[in-house]
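Structure first, then comments.
Read-outs: derived from the displayed coordinates by stated rules, not from any lab. Values in this document were obtained by computation on a predicted structure and should not be read as measured data. In this analysis, Cβ positions are derived from the backbone assuming ideal geometry, glycine residues included, and neighbour counts consider all displayed protein chains.
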Amino acid sequence: MTLSDTATESAAESPADDAPPPDPNAVSVTLNGTTIIARKGELVIAAAERHGEYIPRFCYHDRMNPVGMCRMCLVEVDSGRGPQITVSCMVTVAPDMKIDTESATVKRMQEGVLELLLANHPLDCPVCDKGGECPLQDQTLAYGPGESRFVEEKRHYEKPVPISDLVFLDRERCILCDRCTRFADEVAGDAMIQFTSRGNNTQIATFPNEPFSSYFSGNTVQICPVGALTAQPYRFKARPWDLEQTESTCTTCAVGCRTVVQSSRNELLRYQGVDSDPVNWGWLCDRGRFNFEAINSDSRLAEPLVRTADGLVPTSWNAALSAAATLITDALAAGGAERIGVLGGARGTNEDAFAWARLAHDVIGSPNVYAQLGDGLPAGVLGLNRATIDDVASATTIVLLAPDLKEELPVLYLRVRDAVQNKRSKVIEFTPKPGGLTGQAWRSFGYEPGTQVGTVQQALADPVIAAQLAKGTVAIVAGRANLAETTAATVQALQALLAALPDAKVLPAFRRGNVVGALQLGMRPRPGGLDSRSTLMAAADGKIECLILVGCDPLADFPDTDLARRALAGARRIVAVDTFLTESSKHAHVVLAAAAYGEKSGTTTNLEGRVTTVSQQVTPHGTSRPDWMIATALSKLLGSDLGFTSVGEVTSAAARTVATYAGITTEALAQSPDGIVAEVPAGIDPINAVSSAVGRNSYDFRLVASRKLYDQAVGTAMSPSLAHLAVAATAHVHPLDIERAGVHVGSDVKLSSPKGSIIIRVEADETVVRGTVWVPFNQAGANVGELIDCTAVVTDLRIENL
Amino acid sequence: MSRLTDANIKLAKEIIGRYPRARSAIIPLLHLAQEQHGHITNAAIAHIGELVGATSAEVLGTCTFYEMFKMEPVGKYLVNICGTMSCALLGSDELMHRAEHTLGIKAGSTTADGLFTLEHAECQAACTEAPCLQVNYRHRYRVTPDQLDALIVDLRAGNLDGEIPPHGTVARVRQHIPAGRAVGAVAPEDATDPPVWLSTGPSINAKTPK
Amino acid sequence: MSESLTGTIMPHAPGFIAGDRPRIVTSRFEYEDSYTLERYLATDGYSGLRACLTRAAADVHNEVKTATVLGRGGAGFPAGVKWGLTPQGKFPRYLVVNGDESEPGTYKDRLLMERDPHQLIEGCLIACYAAGLSQCFLYIRGEMALAQERVATALNDAYAAGYVGTNILGSNFSVDIVLHWGAGAYVVGEETALIESLEGNRGMPRLKPPFFPAAIGLYGQPTIVNNVETLANLPWLLVNGAAAYTAIGTESSPGTRMVAVSGHVRRPGVYEIVNGTTTFRDLVYGNEFCGGIRNGNELKAFVPGGGSAPWFLPDQLDLPFEGKLVGAAGSMLGSGAIMVMDDTTDIPAAALTLTRFYAHESCGKCTPCREGGTWLERILSRIVAGNGTDADLDQLLEVGESICPGSFPHAASERLGLTAVPFPYKMTTICFVGPSAFAPIHSALTLFRDEFIAKIVKRTLIPVTAAPIAAASAAGGGQ
């Protein structure tokens, strides 16, 4: 609903004497002779567009500061001194302003600007990826002069030049609108592309040997109004008019960015960001944007596998499902439902999770179900006073007790960064490893593992900080910042914050795409059930008769690799549902080939609890099936049919039976493209913390392990454009500590914990907190998981020369 | 090798300290780098970025906007012959032809001995003294072609070393704000009170002796 | 050349010619050491500051307002009014001194900085005091080595002597003046580009509104940008008062102005003239000024207000140097620069020197200027080189129309039967650099179209320029 519509209607329909009091934000202006009601502070270009008058533009983008550079949106504005020529993208409406967007002068100016923009443009549209969806083409057709009178030699540049691993730049096509450079600077904070030179020679450039290696580079391609920026994964793959598309939600992480998924000939080719006001504002991270390559991968599981004397071999679905059902039945017979564990479900849709929760709890009867993998916080965090992303990005103070958002929840990082840049919020950060938002923070406390609670308590006692926290709203972003420190430490720190700030809202910084949906829809232990750590420990002790992995790879993702390994060895039977044959699913007795993102429909729940749609755009790879369908088929074989025949039935069943999803139906979602926020579940398992205080011992260092955006996750590793962006595992040590340890930068050292040791290269890193060693998790080269003991409070380390 | 020297880092920090925001020092620091090295190197750009908290690309963007910053080596003497209207009306073309002939190079290039770079320049704010030129930004007025030849001879012989420093150095005098007299630069968000003198009336007694 | 020229040429201030006229800003130019603190103090220096500090800031501000000190940078906006445009209660506020003089034909701020830097410093201090500005940035054009040295020395001396810095002259007035210098970009003379440059950025102008410096300027704070000459007026004003100031010149244009007259005149020079009354004829033909056209030639045309200004013909010689009148006659006063062309001038070639300048100096931000300026230059270059086509003349105007829609100002001409189109023009760009690339072409083509046609039809090449004065005189004058 727009303000103006309301106002216009009320003016037309109700008599003056019972008209509502005038809206203080309404500004009456004349647009091409018609009175419209704009909003106070609204730009002319935006007000006109809301009232059906599209003013052509190239540089203007409503999520960035206007620069008035391309001059395409020139209009005539009369503020009482006669018509003045002005760009509509930088002038705000004022009372009684008269705006003319179609005068002869305006039309002449539009033709003029387009003729000048095309003067040096190569007009290589037939071989340009943008052709067919190009604002320059489209606006030339609508507003252009029809012919070019430019007979001089055009500008020539080498074309195209890579400006990063993912993006190519064609400077001949570039119209110098400042969109990509503004995005890099204002939105992403990665000002690594810039205008260089001047005047007619102005061009976009990177600094030599410093490419535009931004996690958000793909957005520049999407917002480029010409074909100057193209993305490696899509170059020359399709013509826009051959693309079919559907709106969906990215489930790479839990932010839940809205997307358009595009395909041609049943192959995923491109994702574009959709501007969802409460969530992603149109932006995507490069991992989410480009990991469709993994879905198209030849390494995908095309059919189910079953273990024979020759190892895992392809089989029919009937055979595979009965084999799986037999494994489960045998397990039930051998040890009862308590001896069956189900891990995963965070990678699929709400429907997948719901069906699997029903299968596990109601059909199999196991209480041991968990969607997290020992790398998050207790599910009880979901039961706290939940913040939305907007709550966070508009809070007076944002407290970060979370992993590096830039690495784990990239678009949430953009939203928090925007809140700081536009001076809405101040950030207080507690982190064992300074990261993406440290430079944006008003106060940043780098703490050593084991001192988290103390650091928070000390900060709360600081009167300056207390005064800031008392100023207005507070939102806490809470997550697992260090996989080598117990969750209890963060839980305690969170409790200390909430004790001091009872009105604060909490946004769980949980990482996996649908982890919140899975937890809320039942993929969590029933009373007396085991969480993932306990399940793996039981498996390692030989007490799990059947381990079911639903899109879950403990060997890669569980922080304690040794435990994961022993668990997979100790579990009597393993059933895996997966899109790829991962290191973990290789241990399975039956592997059920799962349909991937883009191959199935349903809904997903982001970290706010916002439920949005996920859409199918291509048919599933091979004979793979959605998880919910696999669960339903298994339920039938296990003698208690869940009865779902379509994904819509699952959605309805969840809306019917899960209280917090009541009303979240397919129909309701169709009316709400931005999604519906599921109510906060009441009575979800409370968060319990045990003491996490720990003193110093004979070890010299403490380990901090956390994730980078690009790691060995299949979505990245199986996407050729992204795989090489993952950094190899190295041990980051403060330069002064390197000296203290007597080792050398660039050399391999032995890193030992009470649990194990690895050989790893040492890197000097001034951002690392003194006394700690930071190692990225799940990277090639050295597995930091070998050092982590998931039962220990912290992970102590020694560094030794080889 | 072409990062700023320790002495220049010290100077750079002094310059940065005068501004409420460090990035304001980018142009002065680029001049400092050019003074040190004769032209601007990528290493200097990266170093300046570090000093002021900007990316190398941002410093590069600023650097390449301004004509005085040379990304390639230039001669010891940069000879800029003005060709804008007043000078053009009074013979700058002839002057340029003579310069090209005498130096044996085209405008925009450098002599093989690395001594001279010749450039066609735009208005140098000496229009009444046309045609004019600058050598390393030192003016020469109402220059005839023969005077130009003589100037080149003098420069080559080193006769003007005292007056014209090698390319890179513009002003030979730097501002130094004595610590005891400096008000100091404060970030705007930390200086939001009105200046004291605005509210206190006359600041000194009219009868204060000189 | 029989009539003798009057006035004093000062060898140490090349270009400056003093005469029997009031001198507000050039009063010390006769001293060879005019730039030293000693000379400044010996000639009443810093007494304007002293006078200022005995009064309330608001009083000083009023004095400047009453005197109507017009900005000398080009737009001619009164400084006192400008200072009052800062939003109430928003601090800190800054002073940025525009010493980036680069307008073709303009040559005065450099003289003021080289010859009397303390006068400028004192002017800055007065402005800061009156308008509550807490830091001053003195931005000098990069190519002005001597001005930078003189101002740096003066600032170092003034700091040491207690005129700048904390507790100036023992008062509670404290302000730093920071010397800043550019690196070669004409467009930085535009005040918003100057601010961008001072922030360490590419000097690309910002759109006004919203970026009126007085409201959103340096670091987003209220900022006063004043021209060097404007500020140099303040010490005299504070010593002598607004009444004495307005007694010189006219009511709408009080005081004096620095004007540079260059080109084909007998004695090119920089003159401090009485504002508003001196006519162009006085300046070009008066013996106390330029003394007529060189070699007894005829005046063909002149640029009355710097390279950006539409051209005037002999028809306009009797106009006084006054903003409104010149505007009504189809041009502008700009920054006080007159460039004179005699009848030997190749008009298209002369126009090209200016169009090339503005095309070269385009910052590249606005499409019409970035693309249009170069396009104009390339067409005109072809015409001047004898490779023009019939279509080119209309195309020049068409490209110009894309930069400046509607009728473009030009002078009246009896010869052509033209009436004047008054200033200003409309423009599709943020700043005036784009229109300035078109202005000389429009003037030349409107007033001397036959010369363009001659180049196209006959392919004749008229020599681009005449010889320098000295050579021409020796040869007995003429071509």
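Just the number, please: percent antiparallel of the DSSP beta bridges in the protein assembly as shown, rounded to the nearest 5. Close to 55 percent.
A helix-only calculation puts the protein assembly as shown at -9000 deg cm²/dmol for mean residue ellipticity at 222 nm, using -39500 (n - 2.57) for each DSSP H run of at least four residues, averaged over all residues.
Please give, to one decimal in nm, the separation of the simple spin-label points placed at B:Glu189 and A:Arg770, each 7 Å out from Cα toward the Cβ. My value for the distance between the label points is 2.7 nm. Maximal additional length on extending the C:Phe77-C:Leu416 stretch stands at 118.6 nm, based on 0.36 nm per residue less the C-alpha distance. With the biggest extent put first, the Cα atoms of segment C:23-246 measure 44, 38, 33 Å across the principal axes. For segment A:602-724, the spherically averaged projection of the C-alpha convex hull amounts to 14.0 nm².
Taking 2.2 N^0.38 Å as the expected size of a compact globular protein, what ratio does the Cα radius of gyration of chain C give against it, to two decimals?
Compared with the compact-globule rule of thumb, chain C sits at 0.98.
Per residue, the convex hull around the alpha carbon atoms of the protein assembly as shown comes to 202 Å³. Among the listed pairs A:Lys406/A:Lys505; A:Lys406/C:Lys90; A:Lys426/C:Lys90; C:Lys300/C:Lys455; C:Lys208/C:Lys300, those with a Cα-Cα distance over 28 Å are A:Lys406/C:Lys90; C:Lys208/C:Lys300. What angle do you read, to the nearest 10 degrees and between 0 and 90, between the alpha-carbon axis of helix A:627-637 and the longest principal axis of chain A? Roughly 40 degrees, rounded to the nearest 10. Principal axis extents of the C-alpha atoms in segment A:146-202 (largest first, rounded to whole Å): 40, 25, 21. Taking label points 7 Å from Cα along the Cα-to-Cβ direction, A:Asp362 and B:Met71 give a separation of 6.6 nm. Using the Cα coordinates of segment A:701-801, the gyration tensor eigenvalues translate into equivalent-ellipsoid semi-axes of 23, 16, 11 Å, sorted from longest to shortest. For segment B:51-65 versus segment A:625-675, the inter-centroid distance based on Cα atoms is 55 Å. Of the GluC sites (Glu not before Pro) found in segment C:247-318, those that fall in a DSSP loop while having at most 13 other beta-carbon atoms within 10 Å are C:Glu251, C:Glu298. Rounded to the nearest 20, the Cβ-based charge dipole of segment B:77-157 about its Cα centre (Lys and Arg +1, Asp and Glu -1) stands at 120 debye.
Using the beta-carbon distance between A:Ser534 and A:Ala499 and R0 = 25 Å, what value does 1/(1 + (r/R0)^6) give for FRET efficiency, to the nearest 0.05?
0.30
For the pair A:Ala728 and A:Ala94 in one chain, pulling the backbone fully straight at 0.36 nm per residue adds 222.6 nm over the alpha carbon distance. Over all orientations, segment B:6-65 has a Cα convex hull whose mean projected area works out to 3.6 square nanometres.
With viscosity set to 1.567 mPa s at 4 °C, what whole-number translational diffusion coefficient in µm²/s follows for segment C:299-445 from Stokes-Einstein and a Kirkwood radius over Cα pairs? In µm²/s, the coefficient is 86. In segment C:23-246, the DSSP beta bridges split such that about 10 percent are antiparallel, to the nearest 5.
Placing +1 on each Lys and Arg Cβ and -1 on each Asp and Glu Cβ, with no other charges, gives the protein assembly as shown a dipole about its Cα centre of roughly 1660 debye. Alpha carbon centre of segment C:247-305 versus segment C:52-94: separation in Å? Centre-to-centre distance over Cα atoms comes out at 29 Å.
Applying a DSSP loop filter and a limit of 14 other Cβ atoms within 10 Å to the trypsin sites (Lys or Arg not before Pro) in segment A:725-802 leaves A:Arg770. Semi-axis lengths, largest first, of the ellipsoid equivalent to segment A:642-689 are 24, 16, 8 Å, with √(5λ) applied to each eigenvalue of the Cα gyration tensor.
Label positions at A:Thr396 and A:Glu102, each projected 7 Å from the Cα along the C-beta direction, are separated by 4.9 nm. Between A:Lys471 and A:Glu679, the FRET efficiency estimated from the beta carbon spacing at R0 = 41 angstrom works out to 0.90. When both bridge partners sit in chain A, DSSP labels roughly 60% of those beta bridges antiparallel. Against the compact-protein benchmark of 2.2 N^0.38 Å, the Cα-based radius of gyration of segment B:68-210 scales to 1.58. Here C:Leu299, C:Leu85, A:Leu638 are placed in order of increasing Cβ neighbour count within 10 Å, fewest first, which gives C:Leu85, A:Leu638, C:Leu299. The convex hull of the Cα atoms of segment A:134-254, projected and averaged over all directions, covers 10.0 nm². Only one residue of A:Thr455, A:Thr438, A:Val381 has its Cα farthest out toward the positive end of the dipole of segment A:380-508, where Lys and Arg carry +1 and Asp and Glu -1 on Cβ, and that residue is A:Thr438. Relative intensity of chain A on a log10 scale, I(q)/I(0) at q = 0.05, 0.09, 0.11 Å⁻¹, equals -0.29, -0.92, -1.30, per a Debye sum over C-alpha point scatterers of equal strength in the absence of solvent. Of all lysines in the structure, the ones whose alpha carbon falls short of 21 Å from that of B:Lys70, not counting any fewer than 8 places away in one chain, are B:Lys106. Size of segment B:16-104 from its Cα atoms: along the principal axes, largest to smallest, the extents are 47, 26, 21 Å.
For segment A:36-86, the C-alpha radius of gyration sits at 1.16 times the compact-globule guess of 2.2 N^0.38 Å, with N the residue count.
Placing a label point 7 Å from the Cα of A:Glu186 along the Cα-to-Cβ line, the residues of segment A:206-242 whose backbone N sits under 15 Å from it are A:220, A:223-225.
Look at where the Cα atoms of segment A:307-353 and of segment A:773-802 average out, and the two centres are 32 Å apart. FRET efficiency for A:Ala142 and A:Asp62, Cβ-Cβ distance as r, R0 = 25 Å, nearest 0.05? Efficiency for this residue pair is about 0.80.
Just subtract the alpha-carbon distance of A:Glu267 and A:Asn25 from 0.36 nm times their residue separation and send over the number in nm, one decimal.
Gain on stretching A:Glu267 to A:Asn25: 82.3 nm.
Here A:Lys586 is the anchor, and the lysines within straight C-alpha reach of less than 21 Å, apart from those fewer than 8 places off in the same chain, are A:Lys543.
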